[in-house]
Amino acid sequence: MMGPSHALSGATVWLAGSWALDQFADYHQSPLALAVGTAVCAGGALFPDLDLSGKVTTNQGGATVARTFGVVSLFFAEVMEKVSLGVYYATKLSRDPKRSNGHRTLTHTIPFTVLVGWGTTALCAAYGKWAVIGVLFFTIGLALRGLFDRWAERAGWVIVTLVSLAAAWFTYANLPGGRGYPLIGVALGVGCFVHILGDMITRAGVPILWPIPIKRRMWTMIGLPNKIALRTGSKAETVVLRVVMTVVALLAATGLVARPVLQRFDIEI
Ligand SMILES: [Zn+2]
């Protein structure tokens with residue numbers, strides 16, 4: 001799947017999940033909390049592809065997400081890719097193939113997803129709003145890059161960075177303090193997980209079972225069979241899938257916003 005589809009899938013899943021919690025579990029979120037969760041989940045849905053490194057020294061290559069914050073994120077992707085490759089070789093069994101690149105390994109596993117979610121929650125609990133603003137800055141940047149890819153491309157990384165900073169600061173100023181913000185970690189973890197599922201429906205597959213060894217392989221790639229797998233960049237992805245996800249996201253958002261608005265006017269629902 002391409003960047004915009006990944007980001008959109010994160011936003012859609014978060015909105016649909018929030019709607020379900022609102023409807024069936026009586027769990028209500030303020031509009032700001034909803035917007036924050038949606039942005040973090042959309043950004044999180046791009047996070048695993050920050051293992052696609054380019055050449056920092058010559059400023060070439062890398063996934064589009066790796067260019068969100070210019071050479072800084074490109075360097076981060078480079079490090080993430082090498083660490084992933086290191087973990088691959090440290091845990092590889094005899095039938096796992098040789099690799100020269102760590103893309104689609106460590107960052108595309110369940111333990112990584114859990115670690116990111118738990119780590120973010122712990123960070124926000126320990127450092128409160130300052131951790132929140134950092135996480136927000138980072139994920140809003142990724143979400144902007146993913147959801148508005150054409151704009152981000154034209155605007156360049158400096159503008160994207162400034163807009164992310166402004167959005168993170170606005171949220172920081174308006175978010176109620178001292179609650180620990182457990183949902184931010186959850187949103188980031190869910191985003192990573194949604195990314196893995198997105199890659200699974202394309203041809204390449206992901207090592208979702210890691211670290212469970214199967215037939216002397218630790219990194220078994222799991223994905224849909226070629227016949228029914230989604231082709232990256234095909235009409236099925238860029239038109240059908242994106243339209244369906246947008247409709248679901250809009251319906252969920254409308255449903256979520258409708259209740260407080262109706263309540264404000266004292267209308268029973
Ligand atoms: Zn991926």
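Quick notes on this structure:
- Within region 212-232, the set of residues being open to solvent by 50 Å² or more (accessible area, probe 1.4 Å) and not in a loop (DSSP other than H, G, I, E, B) comprises Ile214, Arg217, Ile222.
- Residues being over 18 Å from Tyr88 (Cβ atoms) and touching an Asp or Glu at 6+ places or on another chain (Cβ under 6 Å) - total across region 195-238: 1
- Within region 81-120, being farther than 17 Å from Gly189 by Cα and among the aliphatic types (A, V, I, L, M) holds for Val83, Leu85, Val87, Ala90, Leu93.
- Candidates Leu162, Leu183, Leu209, filtered to the one that is assigned to a helix (DSSP H, G or I), open to solvent by 20 Å² or more (accessible area, probe 1.4 Å) and more than 16 Å from Val132 (Cα to Cα): Leu162
- Residue within region 128-138 that is open to solvent by less than 30 Å² (accessible area, probe 1.4 Å), hydrophobic (A, V, I, L, M, F, W, C), in contact with a Leu (Cβ under 6 Å, 6 or more places away or on another chain) and over 30 Å from Gly223 (Cα atoms) present: yes
- Of all residues in region 186-206, those satisfying the criterion of being within 22 Å of Leu15 (Cα to Cα) and surrounded by fewer than 18 Cβ atoms within 10 Å (Cβ to Cβ) are Leu197, Ile201.
- Criterion: at pLDDT below 90 and within 16 Å of the ligand (Cβ to nearest atom) - qualifying residue of Ser73, Ser94, Ser30, Ser84: Ser73
- Applying the set (1) at pLDDT 90 or above; (2) within 20 Å of the chain's Cα centre (by Cα); (3) open to solvent by 60 Å² or more (accessible area, probe 1.4 Å) to Thr254 leaves exactly one unmet item: (2).
- Condition check for Val87: exposed (fewer than 14 other Cβ atoms within 10 Å of the Cβ) and either β-branched (Val, Ile, Thr) or under 18 Å from Asp199 (Cβ atoms) (or both): no
- Pairs are defined by a Cβ separation below 7 Å, a sequence spacing of at least 6 or placement on different chains, a first member in region 187-215 that is over 21 Å from Arg231 (Cα atoms) and among the aliphatic types (A, V, I, L, M), and a second member that is open to solvent by less than 60 Å² (accessible area, probe 1.4 Å) and within 11 Å of the ligand (Cβ to nearest atom); no pair meets this definition.
- Pairs where the first residue, in region 97-125, is closer than 21 Å to Lys215 by Cα and the second is within 12 Å of the ligand (Cβ to nearest atom) and assigned to a helix (DSSP H, G or I), C-beta under 6 Å, 6+ apart: Thr105/Ser84; Leu106/Ser84; Leu106/Phe112; His108/Pro48; His108/Ile196
- Inclusion of Thr254 among residues that are free of Cβ contacts under 8 Å to residues at least 24 places away in the same chain, more than 15 Å from the ligand (Cβ to nearest atom) and not in a helix (DSSP H, G or I) is not warranted.
- Here Gly44 meets the list (1) within 13 Å of the ligand (Cβ to nearest atom); (2) modelled with pLDDT under 90 almost entirely, failing just condition (2).
The values are calculated or read from the model by the stated rules, or taken from the named source; none is laboratory data. These figures come from a predicted structure and were not determined experimentally. Every residue, glycine as well, gets a Cβ built from its backbone with ideal geometry; the counts of neighbours run over all protein chains shown. To get the accessible areas, we keep the full protein, side chains included, count just its heavy atoms, and leave off ligands, DNA and RNA. Shrake-Rupley method; radii C 1.70, N 1.55, O 1.52, S 1.80 Å.
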